[in-house]
Every structure is written in C-alpha cells, then in structure tokens.
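The values are calculated or read from the model by the stated rules, or taken from the named source; none is laboratory data. Just so we're clear, the structure is a prediction, and the values are computed from it rather than from any experiment. Virtual Cβ from ideal backbone geometry, glycine too; neighbours counted across all protein chains shown.
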Amino acid sequence: MRTDVIMPTLKALGAYGVESFHGPSEEGKDVYFAYKDIFGEYKHCCFFIKAGNIKKSGKNDIRKMKGAIEEALFFEFVSPIDNKTTVRIEEFYFVCSGKFNKYAREYLFNIFKAKQMPNVKIFDIDKLTNIILKVVRQHNNISKKQYIFDVKTFKRHCNDIIEYKEKEYTASKLLKHDEGKVIS
C-alpha cells in the first residue's frame, strides 16, 4: 500500500519530497511529504500507516502505537527537501486500510490536544478511497480515457498525471514568455 498507492497518490497530488521512511530509522514516519502553503513555505507532513481496523483493544490497539506516534511528531529530522534544514512534522496523517473506531479516534485526538498539535487527520479506508478516486478522475479528465483502479497499474497512472502537469507548466511558462510577460 505504501509504495504502490500512498506515495504515487501524494506525488500526483503535487506533494514535494515524497519519501519512504519505513524501517528501523523511520522514527514513527512511514511516509514523509511536504506541500507549500500560500506563502510559499513548506509544511512538513507524515503518514503513519497501519493495516486493518484501529481500535482501543486487541492487535491494533491505538495505545500500543502511542510511542511511535509521539516519536513521529516530536523528533527533529533533516528535511528531505533540502537535506540540511532540521524540521519537525507539522501535519500528521494516520492512515489505515480498515476502519478507525470512535474510541481509538478519541484517544488519538486527546494525545494531540494535550500536546497542542491541531493538525491531525485520520484517513480510514473510506477517506483514502475518496482521495484515490479524485486522482483517478483527474487523470480521466486529462487523458479523456477511462482508467479503472488497479494496484499493479496505479503507480504508472500517477506518473502520467505528473508528466502531464509538468508539460502543462512548461507550456504555460513558454506562452507567458512569448507574450512578453515577466516570468518569476
């Protein structure tokens, strides 16, 4: 899910520095990405990804994840954007391939409220599906072809969107230049 769906989706949506942090040095971050706010500054974000339903009991007990979540949020790391600036996560996205029950949700939000961390989002399977459908529809509008989601072809699908956006951006800059406008 991480490399075949999540990362290509973020890239197709225009995220910067999309990188897998999964493994022993992840510090709670499975996927890092950034986006630019309205002032042109990067907002550093991470996806914390878990398989299955998230509850406040059993195998996927949210309480067992508290240490990794706090590690993702509060440990400084070198920005993948410039490889020199030390940053912290500013937005935290908890992604799961199942449902996130209300007790786990309340527990998670209480952790963040106590730490005064307002930028927390939960993406369960329904929300994740809607985001993927947005990317699929975007490409269908661009290519005038009907793409049906398939994990095996989704990465290529997202790469097509990125290539189209790059060509569109380049063509737009050339057009402005040809019209004699100053390009910044």
Exercise for the section: Take segment 100-126 and flag every residue that is surrounded by 15 or more Cβ atoms within 10 Å (Cβ to Cβ) and basic (Lys, Arg). Expected result: Arg105
Fill in the blank from the handout: Within segment 26-83, the residues that are farther than 19 Å from Arg2 by Cα, of a type in the set (Ser, Thr, Tyr) and buried (at least 19 other Cβ atoms within 10 Å of the Cβ) are none
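Does segment 134-171 hold any residues that are in a helix (DSSP H, G or I), hydroxyl-bearing (Ser, Thr, Tyr) and modelled with pLDDT of 75 or more, and which are they?
Kept after step one, since they are in a helix (DSSP H, G or I), are these residues of segment 134-171: 134-143, 151-171.
In the following step, the residues that additionally are hydroxyl-bearing (Ser, Thr, Tyr) were identified as 143, 153, 164, 169-170.
Thr153, Tyr164, Tyr169, Thr170 - these are the residues of segment 134-171 that are in a helix (DSSP H, G or I), hydroxyl-bearing (Ser, Thr, Tyr) and modelled with pLDDT of 75 or more.
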Practice task
Determine, yes or no, whether Ile49 is in contact with a Cys (Cβ under 6 Å, 6 or more places away or on another chain) and not aromatic (Phe, Trp, Tyr).
Solution key: no
Exercise for the section: From the list Lys29, Lys84, Lys66, Lys113, pick out the single residue that is of a type in the set (Lys, Arg), touching a helix residue (DSSP H, G or I) at 6+ places or on another chain (Cβ under 6 Å) and not in a strand (DSSP E or B). Expected result: Lys29
Exercise for the section: Find all pairs meeting these conditions: Cβ atoms under 9 angstrom apart; at least six residues apart or on different chains; first residue within segment 150-170 and loosely packed, with under 11 Cβ neighbours inside 10 Å; second residue outside any helix (DSSP H, G or I). Expected result: Val151/Met1
Exercise for the section: Report, ordered by the first and then the second residue, all pairs with beta carbons closer than 9 Å, sequence separation of six or more or different chains, a first member in segment 60-82 that is without any contact (Cβ under 8 Å) to a residue 12 or more places away in the chain, and a second member that is surrounded by fewer than 14 Cβ atoms within 10 Å (Cβ to Cβ) and among the β-branched types (Val, Ile, Thr). Expected result: Val78/Thr85; Val78/Thr86
Practice task
Kindly check whether there is at least one residue in segment 69-76 that is among the acidic types (Asp, Glu), in contact with a Ser or Thr (Cβ under 8 Å, 6 or more places away or on another chain) and in a loop (DSSP other than H, G, I, E, B).
Solution key: yes
